[in-house]
Amino acid sequence: MFNFRDYCSIKKATLQLSNRRCLLVMPWSATQQRRLGFEKELLEKYFRGRVSWINPTGDTRVEVRVTCTNDKQYTLRVYLPSDYPNSCPQMVVSSPSSCLRKKNGSLLSSTSGEDHVLASRDGCTQICHYNSGLWRDDNTLYQVIMKGLIWLEAYEAHLRTGESLCRYLQEM
């Protein structure tokens, strides 16, 4: 006998009650699931053991622990939009768990073209890594993370020298 609740759990779907009806909410299409599988393999290939998927069947985020050339460690968090890969994901520096500070002590928490940052998200510095109008659906999370790592290297250089981040970064 077909059991709707078993079907939902097998498909890792969410049941949602709305007006006394049970609705099936599938956050990722079959095409998106295949794409995310490819993305997971690619990230694990280059960041083995340093990748965490948060809520992979819903409001999905990916965290990758990275190390700069000076051995300083950070965690980058990528927020996947519901229509990924058609829209550009957002990325923050989630560890440390507060907005980063410039050499002069000011927070990197508001939009700045010079610093390549957007308004903070979840209390963390948000990196401007792609112009969302130029995002293409064949861009990968690996590319996003690598741009985050490049930004972090520029940030570390800024902390050492006091030079503007834009001195170390071209248009990303």
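The values are calculated or read from the model by the stated rules, or taken from the named source; none is laboratory data. A quick note: this is a predicted structure, and the numbers were derived from the prediction, not measured. Note: ideal-geometry Cβ built from the backbone for every residue, glycine included; neighbour counts use all protein chains shown.
Taking first residues from the stretch 109-132 that are farther than 19 Å from Gln143 by Cα and partners that are at pLDDT 95 or above and basic (Lys, Arg), the Cβ contacts under 9 Å between residues at least 6 apart in sequence or on separate chains come to Asp115/Lys102; Arg121/Arg77; Asp122/Arg77; Cys124/Arg77.
Summed over the stretch 89-125, residues that are in contact with a Ser or Thr (Cβ under 7 Å, 6 or more places away or on another chain) and either among the basic types (Lys, Arg) or in a loop (DSSP other than H, G, I, E, B) (or both) total 6. So which pairs qualify, if the first residue must be in the stretch 50-77 and farther than 19 Å from Ile127 by Cα, the second must be loosely packed, with under 14 Cβ neighbours inside 10 Å and of a type outside the set (Val, Ile, Thr), the Cβ gap must be under 6 Å, and the two must be at least 6 apart or on different chains? Going by the 6 Å Cβ cut-off, the qualifying pairs are Thr57/Lys12.
Please verify whether Ser112 is surrounded by fewer than 20 Cβ atoms within 10 Å (Cβ to Cβ), hydroxyl-bearing (Ser, Thr, Tyr) and within 16 Å of the chain's Cα centre (by Cα), treating the condition exactly as stated. Here the answer is no, as Ser112 does not meet what is asked. Restricting attention to the stretch 133-150, the residues that are under 24 Å from Leu107 (Cβ atoms) and under 14 Å from the mean Cα position of the chain (by Cα) add up to 5. Exactly one residue among Ser98, Ser94 is among the polar types (S, T, N, Q), touching a Lys or Arg at 6+ places or on another chain (Cβ under 9 Å), closer than 30 Å to Arg160 by Cα and in contact (Cβ under 8 Å) with a residue 24 or more places away in the chain, and that residue is Ser94.
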